[in-house]
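**Student:** This is the structure I have questions about; it appears just below.
The values are calculated or read from the model by the stated rules, or taken from the named source; none is laboratory data. Quick caveat: nothing in here was measured; it's all calculated off a predicted structure. Here Cβ is always computed from backbone atoms with ideal geometry, including for glycine, and neighbour counts include all displayed protein chains.
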Amino acid sequence: MTAPCDAAARGFTLVELLTALLVLSLLALMSYRGLGAVLDAREQVRDETEKWRSVAAFFARFERDVELASPRTVRTAAGEAPAWRADAVATSQARLEFSRFASGGGVDTARRIGYGLNEKREIELWLWPGLDIAPDASPARYAVLAGVKAFELQYLDRTLKWVDAWPSAPDDPQIPRAVRLRIVLESDEEIVRVFALQS
């Protein structure tokens, strides 16, 4: 006959211990996978937030620039250039080039600026030193939005028709009535915005 204190002093059996370790291992594995999923989701949200922040900054910059568009023609080494010049297809030049007044607050000066899509799929901002372009002057080029598959512009003429190049006719005004900008990101998201101009 065994004493009652022997049953109370008895510990875990090997099977009970292994079962407890197995349950704890499964819980740890599930926790690790859950934590990994949370960290991956957080990184994806951060990347998406950064992408849309840079898209919003680009549109704000573009809107500010076109709102300050000036109807002033530009003197170049080849003669006069129109105040607003836009090509229908991408070239080695800026896709859109125009004269711009100085921004308020003395932050910027009146100058010639341009926008184009480079071979790295970045929209570039081109900045000339001033409005008139000296024979040897070349613009400073800055990438303002990366990861762009398509960069398309259209212009509203005096007959309220969208055209792909400006000026589209000899009697066109210096500046179109509006500009429509369409970009397609590398993630296949398409954004279209229309900006009214002070023409």
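**Student:** Which residue pairs have Cβ atoms closer than 9 Å, lie 6 or more positions apart in sequence or on different chains, and pair a first residue in segment 147-162 that is over 11 Å from I123 (Cβ atoms) and free of Cβ contacts under 8 Å to residues at least 24 places away in the same chain with a second residue that is surrounded by 14 or more Cβ atoms within 10 Å (Cβ to Cβ) and among the small types (G, A, S)?
**Tutor:** D157/S168; R158/S199; K161/S168; W162/A178
**Student:** Another question, then. D136 is checked against (1) surrounded by 15 or more Cβ atoms within 10 Å (Cβ to Cβ); (2) without any contact (Cβ under 8 Å) to a residue 12 or more places away in the chain and fails just one. What number does that condition carry?
**Tutor:** It is condition (1) that D136 fails.
**Student:** Which residues, counting only those in segment 159-187, are charged (D, E, K, R) and surrounded by 13 or more Cβ atoms within 10 Å (Cβ to Cβ)?
**Tutor:** If the condition is that a residue be charged (D, E, K, R) and surrounded by 13 or more Cβ atoms within 10 Å (Cβ to Cβ), then D164, D172, R177, R180, R182 are the ones that fit.
**Student:** Report the residue count in segment 1-22 for those that are surrounded by 10 or more Cβ atoms within 10 Å (Cβ to Cβ), of a type outside the set (G, A, S) and modelled with pLDDT of 80 or more.
**Tutor:** Summing the residues that are surrounded by 10 or more Cβ atoms within 10 Å (Cβ to Cβ), of a type outside the set (G, A, S) and modelled with pLDDT of 80 or more in segment 1-22 gives 6.
**Student:** Mind listing just one residue for me: the one in segment 106-132 that is of a type outside the set (G, A, S) and in contact with a Leu (Cβ under 7 Å, 6 or more places away or on another chain) and, of those, farthest from D87 (Cα to Cα)?
**Tutor:** The residue in question is R111.
**Student:** Just to be sure I understand, how many residues within segment 72-98 are under 20 Å from R180 (Cβ atoms) and surrounded by 13 or more Cβ atoms within 10 Å (Cβ to Cβ)?
**Tutor:** Going through segment 72-98 one residue at a time, the tally reaches 13.
**Student:** Kindly indicate the residue of segment 87-102 that is of a type in the set (G, A, S) and at pLDDT below 80 and also nearest to R141 (Cα to Cα) among those meeting that condition.
**Tutor:** So the residue we want is A94.
**Student:** Anything in segment 106-126 that is in a strand (DSSP E or B), touching a residue at least 40 places away in the same chain (Cβ under 8 Å) and not β-branched (V, I, T)? List them, or say none.
**Tutor:** Y115, L125
**Student:** Further, regarding this structure: Which of the residues that make up segment 34-49 are more than 21 Å from the chain's Cα centre (by Cα) and hydrophobic (A, V, I, L, M, F, W, C)?
**Tutor:** Of everything in segment 34-49, those that are more than 21 Å from the chain's Cα centre (by Cα) and hydrophobic (A, V, I, L, M, F, W, C) turn out to be L35, A37, V38, L39, A41.
**Student:** Any idea which residue in segment 148-158 is farthest from P82 (Cα to Cα), counting only those that are surrounded by 15 or more Cβ atoms within 10 Å (Cβ to Cβ) and not aromatic (F, W, Y)?
**Tutor:** Within segment 148-158, the match that is farthest from P82 (Cα to Cα) is V148.
**Student:** Which one of L156, L197, L185 is closer than 20 Å to D65 by Cα and either touching a helix residue (DSSP H, G or I) at 6+ places or on another chain (Cβ under 9 Å) or at pLDDT below 90 (or both)?
**Tutor:** L197
**Student:** Next question, about the same structure. Among the residues of segment 65-87, are any aromatic (F, W, Y), within 18 Å of A165 (Cα to Cα) and out of contact with any Leu (no Cβ under 9 Å at 6 or more places or on another chain)?
**Tutor:** No, segment 65-87 has no match at all.
**Student:** Pairs, please: C-beta under 7 Å, at least 6 apart or cross-chain, first residue over 19 Å from V194 (Cβ atoms) and in segment 36-62, second not aromatic (F, W, Y)?
**Tutor:** S54/L145
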